[in-house]
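Please read the structure below before turning to the comments.
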Amino acid sequence: MIDAVEWQKLANVLRELHRTLIEHARRDYERDLVVTLNPGEFLQLLTTNADFAWLRNLSELMVDIDLVQDAEPGQRDEIASAVRAAVEQLISNARDPINLFAQRYWPYVHDDPNVAMAHAAVKQAINAWPRPGKSDTASLLHDRHRLAEKARHLTKRK
């Protein structure tokens with residue numbers, strides 16, 4: 001059983017990972033285009049520009065985890081292994097050539113010590129979570145879908 005502290009810990013380390021990735025992506029974008037973005041311009045790019053689309057999977061996962069985190073303990077327990085599967089599938093899939101996230105993520109992990117430390121913190125936090133029953137791609141995608149559906153269901157109830 002994963003308690004509320006572990007849910008919050010995972011949410012916090014994912015936010016830190018997200019923050020470090022966004023900072024690195026912004027530096028790359030500004031350097032490549034020789035521009036300086038104000039906060040409003042950058043927010044617009046984050047939400048609409050294809051250069052930042054790879055970050056949206058992590059953003060969506062964080063939202064789903066935040067929504068499920070507020071559920072009753074029994075509901076959280078039934079989805080805990082799907083949470084671990086979703087996080088691991090996102091941050092551990094370095095060899096998948098069609099994974100847009102992995103294509104951008106792994107160079108950042110290797111090049112930026114802040115991203116590497118945030119990655120390690122996520123790996124450490126997720127170790128307390130139950131392992132999914134199966135680790136094949138179809139099962140991992142199914143677990144991610146279960147998590148998203150649980151989050152949507154909980155949102156409708158509010």
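The values are calculated or read from the model by the stated rules, or taken from the named source; none is laboratory data. Please read these numbers as outputs of a predicted model, since none were measured by experiment. Cβ: placed from backbone, ideal geometry, glycine included. Neighbour counts: every protein chain shown.
Condition first: in contact (Cβ under 8 Å) with a residue 24 or more places away in the chain and either part of a loop (DSSP other than H, G, I, E, B) or of a type in the set (A, V, I, L, M) (or both). Can you find one or more residues in segment 28-45 that meet it? No, because not a single residue in segment 28-45 is in contact (Cβ under 8 Å) with a residue 24 or more places away in the chain and either part of a loop (DSSP other than H, G, I, E, B) or of a type in the set (A, V, I, L, M) (or both). For segment 50-68, which residues satisfy the criterion of being of a type outside the set (Val, Ile, Thr), closer than 17 Å to ILE126 by Cα and surrounded by 18 or more Cβ atoms within 10 Å (Cβ to Cβ)? Result: LEU58, LEU61, ASP64.
Of all residues in segment 44-64, one or more are within 20 Å of VAL115 (Cα to Cα) and over 16 Å from the mean Cα position of the chain (by Cα). Restricting attention to segment 124-153, the residues that are under 15 Å from the mean Cα position of the chain (by Cα), of a type in the set (Val, Ile, Thr) and over 12 Å from VAL87 (Cα atoms) total 0. Picking from residues in segment 122-158 that are in contact (Cβ under 8 Å) with a residue 60 or more places away in the chain and β-branched (Val, Ile, Thr), the one that is nearest to VAL5 (Cα to Cα) is ILE126.
Within the span defined as segment 49-70, one or more residues are under 16 Å from LEU147 (Cα atoms), modelled with pLDDT of 95 or more and among the small types (Gly, Ala, Ser). As a summary of the residue check, ALA128 satisfies the conditions (1) out of contact with any Asp or Glu (no Cβ under 7 Å at 6 or more places or on another chain); (2) at pLDDT 90 or above except for the one numbered (1). Whether a residue is assigned to a helix (DSSP H, G or I), hydrophobic (A, V, I, L, M, F, W, C), under 15 Å from the mean Cα position of the chain (by Cα) and surrounded by fewer than 19 Cβ atoms within 10 Å (Cβ to Cβ) was assessed, and ALA82 does not pass this test. The set of residues in segment 99-123 being in a loop (DSSP other than H, G, I, E, B) and within 22 Å of ALA82 (Cβ to Cβ) consists of ASN99 alone.
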